[in-house]
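Quick one: structure below, then a few questions.
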Amino acid sequence: MTNDTEQFMKHIQEIRMAPDETQAMRRNLEAYARAHPVRSGWSGILLRHAFSYALAAAVLLAGGTSVLAQRSLPGDTLYPLKIAINDRVSVAVAGDEDARLEKELEQMSRDLSDEELVADEMFSDDDEEERTEDGDVIENTLPFDEELDDEFQEVEQELQSVSEDIQDLQ
Amino acid sequence: MDTVPETQFLVAYDQHANALFRFCYAHLGDREKAKDTVQEAYIRTWKYLVGGRKIDQIRPFLYRTARNILIDLSRKPRHESLEILQEAGFDVPDAHGLDPLSLAEARRAVRLIGHLDVLHREALLLRYVDEMMPRDIAALTGESENTISVRIHRGLQKLKDLMGEKNT
């Protein structure tokens, strides 16, 4: 009885597409294959790895940007990037707690140096002297910037705090 | 353009398209949907080749691809079950020179296996229509060979019962 059932199933083998349907589908697939050819050789390799190349280029670009950011000072366009990326990376890779604190101290010192550099530029002695009509020198007295002074004081306090933490650990 | 993959691809079409069609038709019960599924299976296969990958055995690859499409179709909210299509009347294929008696039996067979659950139906189709061995069916479906053998046996039993019911 099972053989009869199996033979019955085999009737389904009679079911197929009509010849014109088969040919029409074949033509469609042939056209599709020609419109989307398999690329071999160098062009194939390049295309297959296009994503990897794009990613590498993005990393290089980001890395190049990061290098430029490293040289930026407060007020420069890339300075926030320098603070955000470079600092986090270097603290993150510093292994233990001591190393992290030292890294933070280093960065704060750097921040203070950056601020000082900017301040130096603002109060540069190289500025050309201005004179009155009578020839007297007009002193370059820039208005006292309270906000900048507060920032300096904050950074100094943080430096002091981190320095104390390191001493406690020693 | 490299024509060798294209040639091999079209050879695979000539060799397996009709078998794939009846496999899809037996699951869907709809001629146009079965054709769409076959075409989609071949397009996906070509895309796979375009990606630079090789296919060692094209036949199981095609079946696996078609199977995945059928699974996706079955999950769509508006998918109609084979039973509903049967009640509405099968979209039967044209004879095209085939023996009318054989074609009538084929239609009857498709209707009956439509009453089986999808796993038993698939096992019977792949075993007795596509003449795959249980180990090849197991590789294609990701099941164990033992599971497939049991499924074939139970599927045949259920089909026999259905044939007996329909004859009374």
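If we scan segment B:42-52, do we find a residue that is under 19 Å from residue B:124 (Cβ atoms) and facing another protein chain (nearest Cβ under 10 Å)?
Scanning segment B:42-52, I find no residue that is under 19 Å from residue B:124 (Cβ atoms) and facing another protein chain (nearest Cβ under 10 Å), so the answer is no.
Considering only segment B:101-119, state which residues are over 12 Å from the mean Cα position of the chain (by Cα) and more than 12 Å from chain A (Cβ to nearest Cβ).
B:115, B:117
Would you mind finding the one in B:140, B:156 that is open to solvent by less than 10 Å² (accessible area, probe 1.4 Å) and either modelled with pLDDT of 90 or more or away from every other protein chain (no Cβ under 12 Å) (or both)?
B:140
Of all residues being within 7 Å of chain A (Cβ to nearest Cβ) and open to solvent by less than 10 Å² (accessible area, probe 1.4 Å) in segment B:10-37, which is nearest to residue B:119 (Cα to Cα)? Just the residue, please.
B:26
Scan segment B:38-51 for residues that are among the hydrophobic types (A, V, I, L, M, F, W, C) and either open to solvent by 10 Å² or more (accessible area, probe 1.4 Å) or not in a helix (DSSP H, G or I) (or both) and jot them down.
Looking only at segment B:38-51, we keep the residues that are among the hydrophobic types (A, V, I, L, M, F, W, C), and these are B:38, B:41, B:43, B:46, B:49-50.
Within segment B:38-51, B:43, B:49, B:50 meet the criteria.
Also, I was wondering about something else. Those residues that are over 12 Å from residue B:105 (Cβ atoms), touching a Leu at 6+ places or on another chain (Cβ under 8 Å) and open to solvent by 10 Å² or more (accessible area, probe 1.4 Å), I need them from segment A:1-29; list them, please.
A:2, A:6, A:26
The values are calculated or read from the model by the stated rules, or taken from the named source; none is laboratory data. Keep in mind that what you see is a predicted model, and the values were worked out from it rather than measured. Glycine also receives a Cβ, built like all others from the backbone with ideal geometry; neighbour counts cover every protein chain displayed. Side chains are part of the model used for accessible areas, which takes the heavy atoms of the whole protein and leaves out ligands, DNA and RNA. Shrake-Rupley method; radii C 1.70, N 1.55, O 1.52, S 1.80 Å.
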